[in-house]
Amino acid sequence: MISARCYPTGTVTQIDPEDVSEAIKRPEQLVWVDVAAPTPADLALLQDEFSLHVLAMEDVRHRNQRPKLEHYPDHAFLVAYTAQQREVDIFIGPAWLITVRDDDQADDASFIEGALKRFERTRPEHATVGFLLYVVLDELVDGYFIRNDEVEEELEKLEERIFAEGPLDERLIQQELFDVRRRLLSYRRLAVPTRDVLTALLRRDVEWIDDNALTHLQDVFDHVLRVIDTVDNHRELMGNAVDAHLTIISNRMNSVMKRMTSWGAILLGSTLVAGIYGMNFDHMPELHWRLGYPFALAIMACITVVGYRWFRSRDWL
Amino acid sequence: MISARCYPTGTVTQIDPEDVSEAIKRPEQLVWVDVAAPTPADLALLQDEFSLHVLAMEDVRHRNQRPKLEHYPDHAFLVAYTAQQREVDIFIGPAWLITVRDDDQADDASFIEGALKRFERTRPEHATVGFLLYVVLDELVDGYFIRNDEVEEELEKLEERIFAEGPLDERLIQQELFDVRRRLLSYRRLAVPTRDVLTALLRRDVEWIDDNALTHLQDVFDHVLRVIDTVDNHRELMGNAVDAHLTIISNRMNSVMKRMTSWGAILLGSTLVAGIYGMNFDHMPELHWRLGYPFALAIMACITVVGYRWFRSRDWL
Amino acid sequence: MISARCYPTGTVTQIDPEDVSEAIKRPEQLVWVDVAAPTPADLALLQDEFSLHVLAMEDVRHRNQRPKLEHYPDHAFLVAYTAQQREVDIFIGPAWLITVRDDDQADDASFIEGALKRFERTRPEHATVGFLLYVVLDELVDGYFIRNDEVEEELEKLEERIFAEGPLDERLIQQELFDVRRRLLSYRRLAVPTRDVLTALLRRDVEWIDDNALTHLQDVFDHVLRVIDTVDNHRELMGNAVDAHLTIISNRMNSVMKRMTSWGAILLGSTLVAGIYGMNFDHMPELHWRLGYPFALAIMACITVVGYRWFRSRDWL
Amino acid sequence: MISARCYPTGTVTQIDPEDVSEAIKRPEQLVWVDVAAPTPADLALLQDEFSLHVLAMEDVRHRNQRPKLEHYPDHAFLVAYTAQQREVDIFIGPAWLITVRDDDQADDASFIEGALKRFERTRPEHATVGFLLYVVLDELVDGYFIRNDEVEEELEKLEERIFAEGPLDERLIQQELFDVRRRLLSYRRLAVPTRDVLTALLRRDVEWIDDNALTHLQDVFDHVLRVIDTVDNHRELMGNAVDAHLTIISNRMNSVMKRMTSWGAILLGSTLVAGIYGMNFDHMPELHWRLGYPFALAIMACITVVGYRWFRSRDWL
Amino acid sequence: MISARCYPTGTVTQIDPEDVSEAIKRPEQLVWVDVAAPTPADLALLQDEFSLHVLAMEDVRHRNQRPKLEHYPDHAFLVAYTAQQREVDIFIGPAWLITVRDDDQADDASFIEGALKRFERTRPEHATVGFLLYVVLDELVDGYFIRNDEVEEELEKLEERIFAEGPLDERLIQQELFDVRRRLLSYRRLAVPTRDVLTALLRRDVEWIDDNALTHLQDVFDHVLRVIDTVDNHRELMGNAVDAHLTIISNRMNSVMKRMTSWGAILLGSTLVAGIYGMNFDHMPELHWRLGYPFALAIMACITVVGYRWFRSRDWL
């Protein structure tokens, strides 16, 4: 599904994809072609109309590239990812921008919708391709912050559970910890090359981006830096949480051992008393006492109480 | 709440915020506008008077930026953080400086108060905007050292507790260790980009800062380096403390195990003796001895004493 | 086994290795000499015909170099590795390319076969040595992705086993974890210098590579970056899995300890009761009760049931 | 306490601190002013005589800077630390050098004494300020090596204790390990910026240092590199020692567990035998045997011997 | 012991050390002076003849430098280490090379012997000092590979032992692991600065080294890179092995705990049965059964068999 929007001075005209070739020939115009879930035919049409480079088209077809910026004589090719890890391919020409993405109905709050609204609301009279690129990238990076907040929340819940008192399904916690770490990792792998892409743009690698747009892209760059910062922070916090968790488990075992020892000693002590009075010696005066039996029970009770208190005082029970 | 101070040659005049636009037109003057807890109207007024860049104003409104320095044609925009992690936004013009902060009554020893006093005490006759910026940043970074000392103290207390002999609430220690590590992390995340901001200033990215001020900013830069150094040091010490703690816990478990084994063996030995003399054989000579019972008790006592000494000598008890 | 292919304008002629010296003298031609499992005589022939540098020839003879690019006055020498860690040595001349590899029948899907087919299918009319090099390197790096997928699958299986409930042969898991980590390590050691080789090529260190080929090599470079990214990701995931595994084992021990304590306490309690009623006191009323025996058994049953429930409620059983 | 030494061509004259201002005006002279435990008045005098920069003087007053080199128009300011972590501040002028340190009688083998003796012994006829600086810094860095050797010795002792067989006060070892790691850390924090200071000197940041002195400072630079190398080495060794220690403790616990299990099984086996012959069945033939009692004891002895051997053979005892 | 070899055009003449000063004056000659276990007099002679720099001579006397390259006006000074960690000092002049080493009879396969043989076998007609340096350094670095292989073998043996089933002297394994890690560390500390030395040589820091020699030194550089690569690889593998080892130990403890619990439960169960039938109740029908005793023994046997099977089925035994 190809939809082309053409921005002459001040008005918004949705033009026919087939007429795009004419539109881009009029230099005073800015054309934004958005392609969702492209068919091979759509891609062939685009390649013809805008004479897109064959290697870039191959990347679009195979998908699953890392974020990158490639500069060809007539246009630049930029690969970026949304926070939902969906690839967005962007072609940047002198007066046109093409965005190619997988699908448009899956996600209600599609970021392209957002970018479109924001562009039409904030664009200056003579909007350049640089400004349009800024709006698209900024919208995309804003999505990252929302994801970051979600991860932060998850991390806080995990922490709470790790430091909680009650019994836990540790296998589950481990699996969740592992999953969050995995996601942070894959997330970072998108953000870091995106930073490099923006560094290249700010280095003026693409000549069609005007100075004003560069100032705006600097802002996006700062946001990406903040995203990476936050992700690194989360990763280190996860590592610390794992450390703390291991110590807590070791510790719990320690405390179980102590209880075991304590109760074992108390029970064994009483058992020993019972064993002693179960001996068959001919001459054991206690056995013939009237209160011999209560006396033995009293000794056991005494062992239990004294033992309990003693272990308690040493914090073993 | 906007308060503007205007420094003509030698005297201090507090001028009306509305008259600021006139004041900044007189080049021989240095104007310091301090804005606390700004309302949208305050910000609009500032933006108009000083023609501040729209992106910078957006950052001021959204807050929560990373420390950064942005250079616009007419002014520079600097984001910094106090040691209490409160954001301070600074606009640097050729002859004026604007500081924007969240609130001014929360913190008695507000760093802006300190900067103000210090500036009025130490400023040379022809104070430049560079010197004013130096005073503000130096005051801010000085706050970091106080924080560092607090962290150091906390760390020492934690260490003491980790290496202490008595029983501990390990869960609590873990949580505190985790919290200190988290704070060190977030603290470092402020200091490192602040260093980059100062590097940019020292690279003469802002042309209104004179050579004398640069010499002073070099000093602030050294301080920030020292802060980062100290934080890294603390982080590594925390890591070492965590290692040591884990080993100590493992070790305690080891010693609990040894005691358990030792007492278990002693008690079981005595129980075995009791069990033997509880057997019902027709022919057990000891049972008929006059002193059979004391003899059995003596064996048990003997097992206990010898066992205790033996385990003691091997450092198991 | 030397096979030489000569590409004049448009047609493919397989020429005799002995005539190669003449072929390379005709500048309009591109010659690709492929040598499999070379004998010393083959290598001497090549060295003579193409006046290859003595140090490069020594590397070819000794094998087992790291991936590298060396520039000699008349030609460049490039060492690369297939995903199966087999060395491929490549000599790059102004109009000829020599590939030297160990053996050609071992691997059905030999990457040179693939490169050959692809080159003959996609080559432009005037194919340069740069384009030929691109095809060879791209085919080689594509193999890396397949390997990556295999590793990923293995890793997923290991994860599944680590987080599984049932009993495991832990020694085996450890050995497999160790082996996967070792392989990732040796894999990374090939990919990183391959990236450096491509960086050198893109820096125009070899002057016979035309601009068009450079654009294509940029694509290979991106792929290598992605490979390294993925390997690093896998390595970190392995590290996380090892962490998780250690915690799970600690945890299992914890749970074994708890069970042990629980059952130990229950059994010892019952034993104590039996011991008490095995004492030989003259006056123990319970012994003479008609239902004394069932009463004692009931106490034991009671201890078992109550103990079981109590431990159960604390998640110890 | 200020002491000034003035080196005219060939002779050594100790001049009066008050006359220093005159001495430094005679260009053919080299003046070395050494200040120990300076009073505020001393510092004011120095600042006046040599017109030292106010920021540098502040650093001297506040102490506790990181090692650094600051270049002012008329002189350079260098902060360094002795191996005993005492700060030494050095002002470098075209023909004078000022060393400021805390105290001079605390340490008999004060490094300034050493530098003085060495300078007077080795100085060439026309000694420059660069050569004097070299002597001071080299003497200072030489102290680092002695410290390194001390740390090495400590580390070796710790290692020996970790790998020793006998019982240990593990808490103490942990504390010592932690302390050594802490000292290595603080030590490294001095050495790394000292390296940067020397890099700056070798980059000719201070113009009064002649080429000959630079060659000598290159030597000091190499020594600092070696110090950092050694410290890093020690740190990694400490980390390895901590790893090894943890494994050894885990292992000891393992062996304690095995012993516990083994002896527990043997004692429980014998107790079971005693329990069996303590049962009150009417018909237990063994009870009426003449040798029943020795028979039971023999069974117990047998269990003990066989059990002991069996566990021994499996290396559990 | 000084031995000087002089290479005029084509012939090898061993010249007298005292005549060296004359030899080096004839520019068409290349002189190689090899000094083994030098006496102070030897060093003084060398210093006089070749006017070697005093700082370099001091380094030769004190030994134990890090690998480095120092450039003096008339010659360069290079410190390198053999794989056996013996220092070799090399002076490089326009037409002479001096190698100074500790001792020559200790090591039969002395690398200098090897270098000599190789130089005389492979030298071109007009051998330069650069080519001679290449031969010496290449011979030296080749020794590193042999060492690497030894370490690899050791590592493989350690791995085998770690993953083996039988009982181990863990303290010994830990000590060996620690020793191998220490050696890898000290080994790396030699290789890394050697790489820097070669980088400096390739940067043409020493002007007497001709282009042809540079091409050869590039080869040595590649070898050093490979050595560092391999060492880093080994270090990471060691780290992984330590991780695996710790997990295996934890795991073994787990399995010991399970056995302990299992056998404890079985033995305690039987003991309880014995205890029950040892109670002295008047009315216990089983006691009067004819087959009461075998019945009780049967219950115990039953507990043992069922318990054993049950635990076996859960993989606890």
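Of the set (1) more than 21 Å from B:Asp205 (Cβ to Cβ); (2) open to solvent by 20 Å² or more (accessible area, probe 1.4 Å), all apply to B:Asp74 but (1).
Going by the structure shown, is B:Ser270 in contact with a Ser or Thr (Cβ under 7 Å, 6 or more places away or on another chain), over 30 Å from D:Leu177 (Cα atoms) and at the interface with another protein chain (Cβ under 7 Å from one of its Cβ atoms)? Judged against the criteria, B:Ser270 is a match. Every condition in (1) within 24 Å of E:Leu246 (Cβ to Cβ); (2) of a type outside the set (Phe, Trp, Tyr); (3) part of a helix (DSSP H, G or I) is met by C:Ala164 except one, and the failing one is (3). Please specify each residue of the stretch C:246-258 satisfying the condition of being under 28 Å from D:Leu268 (Cα atoms), open to solvent by 30 Å² or more (accessible area, probe 1.4 Å) and within 9 Å of chain E (Cβ to nearest Cβ). Passing the criteria: only C:Arg252. Exactly one residue out of A:Gln29, A:Gln65, A:Gln47, A:Gln85 is open to solvent by 10 Å² or more (accessible area, probe 1.4 Å), at positive phi and not aliphatic (A, V, I, L, M): that is A:Gln85.
Looking across the stretch E:113-136, just one residue is among the polar types (S, T, N, Q) and part of a helix (DSSP H, G or I), and that is E:Thr122.
One residue stands out among those in the stretch D:273-283 that are hydrophobic (A, V, I, L, M, F, W, C) and within 7 Å of chain E (Cβ to nearest Cβ): the one that is nearest to the chain's Cα centre (by Cα), which is D:Ile276. If you check B:Thr194 against the conditions, is it among the polar types (S, T, N, Q) and under 30 Å from A:Asn240 (Cα atoms)? Considered against the rule, which asks whether it is among the polar types (S, T, N, Q) and under 30 Å from A:Asn240 (Cα atoms), B:Thr194 comes out as yes.
Please pick out the residue among E:Arg182, E:Arg204 that is free of Cβ contacts under 8 Å to residues at least 40 places away in the same chain and on the phi > 0 side of the Ramachandran plot. Going through E:Arg182, E:Arg204 in turn, the sole match is E:Arg204. Pick from E:Leu237, E:Leu177, E:Leu185, E:Leu217: which is assigned to a helix (DSSP H, G or I), hydrophobic (A, V, I, L, M, F, W, C) and touching a Leu at 6+ places or on another chain (Cβ under 6 Å)? Only one candidate passes the filter, namely E:Leu217.
Let's see how each residue does on (1) surrounded by fewer than 20 Cβ atoms within 10 Å (Cβ to Cβ); (2) under 19 Å from the mean Cα position of the chain (by Cα); (3) within 14 Å of chain D (Cβ to nearest Cβ); (4) not charged (D, E, K, R):
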residue	(1), (2), (3), (4)
B:Leu185	yes, yes, no, yes
B:Thr194	no, yes, no, yes
B:Val197	no, no, no, yes
B:Arg203	yes, no, no, no
B:Glu207	yes, no, no, no
B:Asn212	yes, no, yes, yes
B:Asp232	yes, yes, yes, no
B:Gly239	yes, yes, yes, yes
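Can A:Asp102 be described as under 20 Å from A:Gly143 (Cα atoms) and either open to solvent by 40 Å² or more (accessible area, probe 1.4 Å) or among the basic types (Lys, Arg) (or both)? For A:Asp102, the condition - under 20 Å from A:Gly143 (Cα atoms) and either open to solvent by 40 Å² or more (accessible area, probe 1.4 Å) or among the basic types (Lys, Arg) (or both) - is met. Among the residues making up the stretch C:259-296, a single one is among the hydrophobic types (A, V, I, L, M, F, W, C), surrounded by fewer than 19 Cβ atoms within 10 Å (Cβ to Cβ) and in a helix (DSSP H, G or I): C:Phe295. Specify the residue that is nearest to the chain's Cα centre (by Cα); the eligible residues are those in the stretch C:28-59 that are within 13 Å of chain E (Cβ to nearest Cβ) and assigned to a helix (DSSP H, G or I). Among those that are within 13 Å of chain E (Cβ to nearest Cβ) and assigned to a helix (DSSP H, G or I), it is C:Asp59. Being surrounded by fewer than 21 Cβ atoms within 10 Å (Cβ to Cβ), in contact with a helix residue (DSSP H, G or I) (Cβ under 8 Å, 6 or more places away or on another chain) and either at pLDDT 90 or above or more than 10 Å from chain B (Cβ to nearest Cβ) (or both): is that true of A:Ile299 here? Judged against the criteria, A:Ile299 is a match. For A:Glu28, the criteria (1) touching a Pro at 6+ places or on another chain (Cβ under 6 Å); (2) among the charged types (D, E, K, R); (3) at pLDDT below 85 hold in every case but one, which is (1). Among the residues of the stretch C:217-224, are any within 13 Å of chain E (Cβ to nearest Cβ), open to solvent by 50 Å² or more (accessible area, probe 1.4 Å) and at pLDDT 85 or above? Scanning the stretch C:217-224, I find no residue that is within 13 Å of chain E (Cβ to nearest Cβ), open to solvent by 50 Å² or more (accessible area, probe 1.4 Å) and at pLDDT 85 or above, so the answer is no. Does the stretch E:153-161 contain any residue that is surrounded by fewer than 18 Cβ atoms within 10 Å (Cβ to Cβ), of a type in the set (Lys, Arg), within 11 Å of chain D (Cβ to nearest Cβ) and in a helix (DSSP H, G or I)? No, that holds for no residue. Residues in the stretch D:60-102 that are more than 14 Å from chain B (Cβ to nearest Cβ) and either assigned to a strand (DSSP E or B) or closer than 18 Å to B:Tyr134 by Cβ (or both): D:Ala80, D:Val88, D:Ile90, D:Phe91, D:Ile92, D:Trp96, D:Leu97, D:Ile98, D:Thr99, D:Val100, D:Arg101. Filtering the stretch E:304-317 for residues that are among the polar types (S, T, N, Q), open to solvent by 40 Å² or more (accessible area, probe 1.4 Å), part of a helix (DSSP H, G or I) and under 30 Å from E:Arg189 (Cα atoms) leaves an empty set. Is it fair to say E:Asp243 is within 14 Å of chain D (Cβ to nearest Cβ), outside any helix (DSSP H, G or I) and modelled with pLDDT under 90? For E:Asp243, the condition - within 14 Å of chain D (Cβ to nearest Cβ), outside any helix (DSSP H, G or I) and modelled with pLDDT under 90 - is not met.
Return the pairs, sorted by first residue and then second, in which the second residue is in a loop (DSSP other than H, G, I, E, B), the first residue lies in the stretch C:114-135 and is surrounded by fewer than 17 Cβ atoms within 10 Å (Cβ to Cβ), the beta carbons are less than 8 Å apart, and the residues are 6+ apart or on different chains. Pairs found: C:Glu120/C:Val12; C:Glu125/C:Thr9; C:Glu125/C:Gly10; C:His126/C:Thr9.
The values are calculated or read from the model by the stated rules, or taken from the named source; none is laboratory data. Model, not experiment: these values are computed from the prediction. Using ideal geometry, Cβ is built from the backbone for each residue, glycine included, and neighbour counts are taken over all protein chains shown. The accessibility values were calculated without ligands, DNA or RNA, using every heavy atom of the protein model including side chains. Shrake-Rupley method; radii C 1.70, N 1.55, O 1.52, S 1.80 Å.
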